[in-house]
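To start, the structure under review is shown below, and the notes come after it.
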Amino acid sequence: MKAPASIAQTQTNDLTDALSRYDLAEIKRFQKRTKQPQDTHLPGDTGWPVVGHIYPFLTDFHAWLNKQYHAYGPVFKFRTPFLNGVYLIGPEANKLVFQNEGKLFSNHMAWAPQFESLFDNNLLQRDFKDHKTHRKILQQAFKRPAVEGHIALMNPLLAEGINKLVSGKKIKSMDFIKRLLLNTGSEVFLGLKTGPEADKLNQAFTDIVSGGTDPFRRKEIWFSPYAKGVRGNKLIGRFILDNIEQCRNGSGKDMFTHLCNIRDEDGNLFSDEQVKDHLLFMLFAAHDTTTSAMSATMYALASNQAWQESLREEMFSLNKGSIEFEDLEKLEKTGWIFSESLRMYPAVHSMPRYALRDFEFNGHIIPAHTNVLVSALVTHYMPEYWSNPNEFDPQRFSPERAEDKKDFNQYIPFGGGAHKCLGLHFAQVQGKMFLFHLLKNYRITKDRKMTSYKYNNVPLTFPTDGLPLTFTRI
Ligand code: HEM
């Protein structure tokens with residue numbers, strides 16, 4: 001039986017309060033009482049018995065999402081053994097979810113189950129007042145002086161790593177990108193130089209990420225990816241806690257030192273546990289997303305030699321051996337390429353939220369407790385907003401054309417609203433630096449028989465063939 005409206009309303013208000021205070025005990029009590037919402041009245045099919053839509057999710061998610069959108073319109077449900085929910089598609093849907101007027105949606109209720117014991121208490125799973133407080137403090141770690149410090153750390157690491165590419169040899173470039181960003185990340189985020197300890201922590205980090213994709217999530221099965229991930233979390237957590245004292249008094253340029261020394265308006269520092277949780281999540285939020293974005297960009301450059309040459313000219317016109325903060329905005333075309341790659345192959349395919357109350361969208365009543373997802377994938381290809389959307393055309397991001405600006409919510413590779421990616425500029429800086437060192441020294445080519453980018457979007461958008469490319473010294 002449905003609870004009378006006034007009782008349901010009081011419960012929702014109480015949950016919203018608990019989320020605003022980040023009162024985990026109280027939130028858990030609500031989570032236990034949550035029931036599966038009734039969505040039989042909503043468009044969409046339920047896929048195969050028991051497994052629902054898991055097969056297309058894991059094999060060709062983009063094609064499946066397109067198919068459902070064209071069959072059912074901008075609102076449709078989906079089923080998997082691990083998550084049921086409703087997709088809302090298009091800029092209007094993105095606006096509704098990102099603006100989150102009246103605190104209709106919770107991030108915690110949607111994201112926290114996915115991060116449990118791997119990346120607990122992170123920024124993305126915080127809501128309302130509590131989220132605002134943490135985000136305001138963390139923003140300081142992304143201001144210009146901090147970014148200048150990150151650039152100084154990253155420049156030699158990227159240059160050195162790229163210099164190790166063997167000329168003329170075809171390699172799985174995604175593995176290369178992943179490894180290079182992992183090594184760079186351990187110094188830029190954890191303040192740790194390459195060596196056995198960094199290798200151990202990099203492995204622990206990889207285990208945590210794999211743990212997140214284990215659908216069964218049983219800690220007690222010690223050899224399961226999830227159990228390994230939980231152990232990885234403990235290992236990096238211990239490293240961070242053991243080194244906090246030193247970072248609190250340090251003057252390093254790394255993210256760890258920043259998080260140890262940033263303060264709220266009253267001058268308070270993050271607690272040790274908060275530094276640990278935020279830092280671990282930064283590592284996660286930065287790594288696979290940037291690997292995904294750089295893989296897509298590499299494919300784009302290998303397939304479009306004219307653009308590759310044009311970017312190389314842009315790099316050489318700086319007339320420098322390494323990049324500084326002031327140079328970044330001069331690399332205008334490089335920025336367009338990065339944006340266009342993220343339009344066609346957005347690293348994060350969907351963003352989930354949890355509906356705290358019933359609401360109406362496009363003539364449909366979506367019940368409270370529904371997992372609501374918005375996705376960049378369909379929106380980024382809508383012909384109403386993009387000319388020839390299936391074509392790779394970086395120029396669409398030029399100030400003259402500014403196709404991405406027709407609607408504020410049509411281009412969302414970094415999300416939007418209160419939870420918009422905090423590392424957006426960091427990612428762009430890193431991407432530009434990576435390309436600067438690569439294109440000045442190597443030409444990227446692919447086999448002629450490789451005629452399209454082979455990728456899947458789940459969990460994140462990655463090439464399914466490892467992206468075999470050849471790098472030849474110039
Ligand atoms: C190309 C690279 C990246 C992409 C595509 C990306 C994408 C995203 C997206 C889509 C969200 C929003 C998720 C949602 O609303 O549910 C997000 C949030 C976030 N990202 Fe990124 N990200 C990237 C790089 C980074 C980097 C380098 C960092 C840190 C150095 C970072 C830190 C964060 C954080 C902390 C949040 C949570 C923000 C909040 O909840 O207030 N990201 N990112």
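Considering (1) under 19 Å from the mean Cα position of the chain (by Cα); (2) within 30 Å of I244 (Cα to Cα), say which one L259 fails and leave the rest.
Tallying (1) under 19 Å from the mean Cα position of the chain (by Cα); (2) within 30 Å of I244 (Cα to Cα), L259 fails exactly one: (1).
Looking at the stretch 377-424, which of its residues are within 16 Å of the ligand (Cβ to nearest atom), assigned to a loop (DSSP other than H, G, I, E, B) and among the hydrophobic types (A, V, I, L, M, F, W, C)?
F408, I412, F414, C421, L422
What about L342, is it assigned to a strand (DSSP E or B), within 12 Å of the ligand (Cβ to nearest atom) and in contact (Cβ under 8 Å) with a residue 12 or more places away in the chain?
Judged against the criteria, L342 is not a match.
Test of understanding: among R231, R238, R217, R248, which residue is charged (D, E, K, R), away from the ligand (no atom under 16 Å from the Cβ) and surrounded by 19 or more Cβ atoms within 10 Å (Cβ to Cβ)?
R217
Picking from V372, V378, which residue would you name as being of a type in the set (V, I, T), surrounded by fewer than 23 Cβ atoms within 10 Å (Cβ to Cβ) and out of contact with any His (no Cβ under 7 Å at 6 or more places or on another chain)?
The unique qualifying residue is V378.
Looking at the structure I just gave you, is R401 surrounded by fewer than 16 Cβ atoms within 10 Å (Cβ to Cβ) and closer than 25 Å to K178 by Cα?
Here the answer is no, as R401 does not meet what is asked.
Criterion first (in a helix (DSSP H, G or I), in the same structural domain as G149 (by TED's automatic domain parsing) and under 17 Å from Q410 (Cβ atoms)) does W336 satisfy it?
Here the answer is yes, as W336 does meet what is asked.
Does P113 satisfy the criteria of being outside the structural domain of Q11 (by TED's automatic domain parsing) and free of Cβ contacts under 8 Å to residues at least 24 places away in the same chain?
Yes.
Given the conditions (1) of a type outside the set (D, E); (2) without any contact (Cβ under 8 Å) to a residue 24 or more places away in the chain; (3) not in a helix (DSSP H, G or I), and given that K234 satisfies all but one, which numbered condition is not satisfied?
For K234, the failing item is (3).
Could you please find all residues in the stretch 47-75 being in a loop (DSSP other than H, G, I, E, B) and in contact (Cβ under 8 Å) with a residue 12 or more places away in the chain?
The answer is G47, V50, V51, H53, D60, G73, P74.
Identify all residues within the stretch 354-378 that are within 15 Å of the chain's Cα centre (by Cα) and in contact (Cβ under 8 Å) with a residue 40 or more places away in the chain; write none if there are none.
Selection gives L373, V374, S375, L377.
Go through the stretch 178-197 and give me each residue that's part of a helix (DSSP H, G or I) and either crowded, with 19+ Cβ neighbours inside 10 Å or at pLDDT below 90 (or both).
K178, L180, L181, L182, N183, T184, G185, S186, E187, V188
Given the residues F82, F78, which is the only one that is in a strand (DSSP E or B) and not aliphatic (A, V, I, L, M)?
On inspection, the qualifying residue turns out to be F78.
Could you list, in sequence order, the residues of the stretch 103-134 that are within 11 Å of the ligand (Cβ to nearest atom) and modelled with pLDDT under 95?
Across the stretch 103-134, the qualifying residue is only Q114.
Count, please, the residues in the stretch 255-301 that happen to be within 14 Å of the ligand (Cβ to nearest atom) and without any contact (Cβ under 8 Å) to a residue 12 or more places away in the chain.
Qualifying residue count for the region: 0.
Is it the case that some residue within the stretch 379-402 is β-branched (V, I, T), in contact with a Leu (Cβ under 9 Å, 6 or more places away or on another chain) and assigned by TED's automatic domain parsing to the domain that holds P145?
No, the stretch 379-402 has no match at all.
The values are calculated or read from the model by the stated rules, or taken from the named source; none is laboratory data. What you see is a predicted model, and the numbers here were worked out from it, not measured in a lab. Neighbour counts run over all protein chains shown; Cβ positions are idealised from the backbone, glycine included.
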